[in-house]
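The values are calculated or read from the model by the stated rules, or taken from the named source; none is laboratory data. Model, not experiment: these values are computed from the prediction. Quick reminder, even Gly has a Cβ in these numbers, built from the backbone with ideal geometry, and neighbours come from all protein chains shown. Note: areas computed on protein heavy atoms with side chains; ligands, DNA, RNA excluded. Shrake-Rupley method; radii C 1.70, N 1.55, O 1.52, S 1.80 Å.
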Amino acid sequence: NTITARLAVDGSRILVGDNTDWVAIHRLVEQRVAMRRLRTGGGQRALLVGAGGTAKAAMYALSKVKGIAGPVLIYNRTTSRAKSLAAEFGAQVVTSLEGLEHIGVIVSTIPPEGSSAIPDSLLANRPIMLDASYMPGGAPLSNRAKAAGCDLIVGPHMLFEQATYQNERWTGRKALRGAMAGAICKHFGAESGLSHILAHELNK
C-alpha cells in the first residue's frame with residue numbers, strides 16, 4: 001500500500017513497494033499482549049477473521065508478535081481463501097466461530113456490515129480486539145467489543161499508526177505525530193473517542 005522512489009547502486013531510480021498495515025497491527029497488538037502477559041504470565045491464542053489484503057498483513061504481523069501461543073487461527077466466510085492464507089503462514093483454519101474458547105487476541109479485517117459473523121461468545125472473554133474497520137460513530141464490531149469490555153483497538157487508531165509509518169517511508173523523516181494525531185481526531189470527530197486514545201500524542 002506504499003510506494004517510494006529509491007536510487008539503485010547504479011544511480012538509476014527504482015520504485016519500492018511496502019506495506020504499512022502490518023507495522024501498525026504488530027505495534028498495537030504486541031503492546032497489549034505484553035501488558036496482558038505481565039498480568040497472566042501466559043501466551044495468548046490469536047484468531048484472525050478475514051482473508052483479504054489487510055488480513056494478509058495482519059497474519060504477517062501476528063506471526064511476529066511475541067506472546068502469541070500456538071498457530072494463529074483463521075476464519076473466513078470463503079473457506080478456500082482462509083486455507084490459502086493459512087498455508088502461507090502455517091496457521092490453522094476454523095470453519096465456525098461458535099464454540100471457540102480461550103481466544104486472547106482477535107484481529108478482524110472484515111467490513112463493518114460483516115461484523116455479525118463474530119458471535120458475542122467470543123467477546124465474552126474480553127480478548128484484545130483489533131477491529132480494522134472504521135466509520136463515523138464507531139464501527140459496529142468496535143461498539144460491541146467496547147460494550148463487552150474487550151481490550152479494544154479501534155480502526156482509526158490502526159489508521160493513525162500506519163499513516164505515521166507511511167509518512168516516514170515517503171519523507172525519510174520522523175513523522176509529526178502530534179500534528180497527525182490532531183488531524184485524524186478532527187476528521188473522525190469527538191464521538192470516535194480518538195482524542196482520549198491519542199491524548200499522549202496530542203500533547204507532544
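Tabulated data for the structure shown
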quantity: Strands (runs of 3 or more DSSP E) wholly inside segment 1-76 containing at least 3 residues that are surrounded by 12 or more Cβ atoms within 10 Å (Cβ to Cβ); calculated: 46-49, 73-75
quantity: Test for A58: is it of a type in the set (G, A, S), modelled with pLDDT of 95 or more and within 18 Å of the chain's Cα centre (by Cα); calculated: yes
quantity: Residues located in segment 164-204, provided they are open to solvent by less than 50 Å² (accessible area, probe 1.4 Å) and part of a loop (DSSP other than H, G, I, E, B); calculated: A175, G189, G193, L198
quantity: Number of the exception - L100 against (1) within 22 Å of K146 (Cβ to Cβ); (2) open to solvent by less than 30 Å² (accessible area, probe 1.4 Å); (3) in contact with a Leu (Cβ under 8 Å, 6 or more places away or on another chain); calculated: (2)
quantity: D131 open to solvent by 20 Å² or more (accessible area, probe 1.4 Å) and among the acidic types (D, E); calculated: no
quantity: Unique residue being touching a Leu at 6+ places or on another chain (Cβ under 7 Å) and farther than 18 Å from H157 by Cα when the list is A8, A46, A58; calculated: A46
quantity: Selection status of A91, free of Cβ contacts under 8 Å to residues at least 60 places away in the same chain, open to solvent by less than 50 Å² (accessible area, probe 1.4 Å), in contact with a strand residue (DSSP E or B) (Cβ under 7 Å, 6 or more places away or on another chain) and more than 27 Å from M135 (Cβ to Cβ); calculated: yes
quantity: Qualifying positions in segment 107-128 - under 22 Å from Y60 (Cβ atoms), touching a helix residue (DSSP H, G or I) at 6+ places or on another chain (Cβ under 6 Å) and open to solvent by 10 Å² or more (accessible area, probe 1.4 Å); calculated: T109
quantity: Subset of segment 143-163 [of a type in the set (A, V, I, L, M, F, W, C), outside any loop (DSSP other than H, G, I, E, B) and within 16 Å of the chain's Cα centre (by Cα)]; calculated: A145, L152, I153, M158, L159, F160, A163
quantity: Residue match in segment 144-161 (condition: open to solvent by 10 Å² or more (accessible area, probe 1.4 Å) and aromatic (F, W, Y)); calculated: no
quantity: Residue match in segment 85-105 (condition: within 14 Å of the chain's Cα centre (by Cα), among the hydrophobic types (A, V, I, L, M, F, W, C), at pLDDT 95 or above and not in a helix (DSSP H, G or I)); calculated: yes
quantity: Filter result for the condition that a residue is of a type in the set (D, E, K, R) and in contact with a Lys or Arg (Cβ under 6 Å, 6 or more places away or on another chain), over D131, D151; calculated: D151
